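Below is one structure, written out as structure tokens; the observations come after it.
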Amino acid sequence: MSALFERQAANISDHSVLERTLELRQIPIINTVTTTPGRLQAVRLELPPFKVLDSLLLDPPRSWLPGAAIQLSLNGTKPSWTHDGWSFVPLNLASILQPNDTISVQSPNNVTLTTSAIRARLECEEVPEVANTSTWLIRSNDTESLDESYDLEGLKDYYSFNRTMFYDSPSNTSAFATDATLACCSNETNGDSETAVIGYWSPVDVENFSNANSQWPIPFVTKWIVGRPLTVTGPDQEDGQPLLFKDAPDLQAARCVPIVETADAKVVVDQRTGTVHSYEVIGSIDPAQSAWSEVFVRHALTYGNSTQHYDEEYDGPLNITTSYGVLFMGSMFRAADPTLGLRRFAGDVMEPLYDNSFVMRDREIGMNMDLMTYSMYSLAKKDPQALLDYATLVAHADQTFQTFFQHFISHGLSLDQGGLGYQRIGDNSTDMLGAPVTRDGRALPQREYVERNTNRTVEVLVSRRIQVLHLNSIATYLSVAIIIWLVGTTAVVSCLQRKYTNPMIRDVQLIADVLVLVAGSDQLMRLVEERGVGLKKANDVKAMLGWFKGRDGEGRWGIEVVGGSEAVEWVDAPKTGWHAQSCSRRRWFSHKGAKS
């Protein structure tokens, strides 16, 4: 019976209605930058896009790159409201009423609801030019050698990277993240040149980055290089020296196109933490055109009802609108080279080694890569040869891209104001901007943004996990069967007791009671005396419990032998006295019963 009840988990569900505050971003992100007076006109026109990207990278509350790298390389925490590459538009679940505070603390609530979802992924293809080393390497005897200011220690035949890899192909790019020349890092752990690893993501047509006039999304190339670079000393050690190889390094690369997609999804999310336990995509998955619609678009400044004219000579604050997909991709490429805009005009061509904010450089072990490639390297368990396999390279690149986009979407998110990938429902902040203009001040067509008509309320199902006492079915059936058996046994025993003990006029519980029954039984006592123990095996003797006349002629109740040479006279029970109600039936015993 102790196993009849058992503790079992159960769900209690309640329906509730929540208010939506956010929707997927349709309008571009507005940034205000200041053009730099006193610079050349070309510099003033070129720098604003880089300043927009710097606002994401140099402002710690908005910098999302390190968090994504930590998640992939150190198994860090993933953003809330994300699962399997998807990011889901969050709701304020704190407004859900708790019917019992004690239960809610001990058992977390899961909320099932329908919301919008967004993800970014890659479609990659092989770069056939990888097999032709002449498209990405330069041999010293094929071009002018380094001048005498570099100490080559007698080395005459060596390889170096083309500043533009895969030139005149759809995958033309650079070995570095921008159009700078790689300058790090050789590995001299044991005093000799050892294996070093290099990896960067870089856009195609890298010399035109930030690609403000290009059609987005622009493809990019992820590269993985394994080789033994040599240490070269030159006139300016601080700016780095070109990487040289005695033997051609190994290279693997993939040309990838970023894709941003949206859909509706049904999700189950933890009310307190925002952890998504499961999801189901509902309906079709559609491309997010708004992710790439505006690329660093300048706007004329407005002051009340007046508009200040913008042209190439303008100095001062400037509003720029950019789609979130452009900001996402641009900031990843910009992070490795924070001086790109000014460096180009200064004529610098070497990779800047003084800023390691968003790169992983280690001159002792020979490592030089951006945070995305380092994440891929960590996913490959830091096996340099693993990423030389194309399938592995692409798989890890896609996972890295999805994770970085999730952190980009989630970082700095406000349920009231939105964030990089979400906006307030019905946000019309772009209506206050001036007209869009080109970099030289010519007017552009006014863009109209599609309204999503998002429902401001949503019905949710709140389920709570609790412990209940549950009847164990097997134990229940066994208990019922035992009870039925006990009831039946009791009934049978009661019937048999009435049948066999009905002639008894007093209880027989002690030896003394038995002695009373046989005390006046002369025939029985005589047979016991004559036969002794052998009487137990006699088949010719019968005894009976009932009323008979003793030798004094008085009726008595007891056990006596039936028949025999001196048979007693059996009589009916007296009609009066304490025994008058007793049944007059007699009870027969065998010789064994008489003996007992």
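The values are calculated or read from the model by the stated rules, or taken from the named source; none is laboratory data. Given the structure is predicted, the values throughout are model-derived calculations rather than measurements. When we count neighbours, we look across all protein chains shown, and the Cβ atoms used for this are built from the backbone with ideal geometry, even at glycine.
The table for this structure:
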| item | result |
| --- | --- |
| Within segment 457-482, considering residues that are exposed (fewer than 11 other Cβ atoms within 10 Å of the Cβ) and in contact (Cβ under 8 Å) with a residue 40 or more places away in the chain, the one farthest from T32 (Cα to Cα) | L469 |
| Identity of the residue in segment 130-180, at pLDDT below 85 and among the polar types (S, T, N, Q), that ends up surrounded by the most Cβ atoms within 10 Å (Cβ to Cβ) | S140 |
| Which listed residue, of L444, L415, is of a type in the set (A, V, I, L, M) and surrounded by 14 or more Cβ atoms within 10 Å (Cβ to Cβ) | L415 |
| Residue match in segment 273-293 (condition: in a loop (DSSP other than H, G, I, E, B), farther than 30 Å from V197 by Cα and more than 28 Å from the chain's Cα centre (by Cα)) | yes |
| Single condition N453 does not satisfy, out of (1) among the polar types (S, T, N, Q); (2) on the phi > 0 side of the Ramachandran plot; (3) surrounded by 12 or more Cβ atoms within 10 Å (Cβ to Cβ) | (3) |
| Tally of residues being among the acidic types (D, E) and part of a helix (DSSP H, G or I) across segment 471-527 | 2 |
| Some residue of segment 316-331 being surrounded by fewer than 21 Cβ atoms within 10 Å (Cβ to Cβ), in contact with a Phe, Trp or Tyr (Cβ under 8 Å, 6 or more places away or on another chain) and modelled with pLDDT of 95 or more | no |
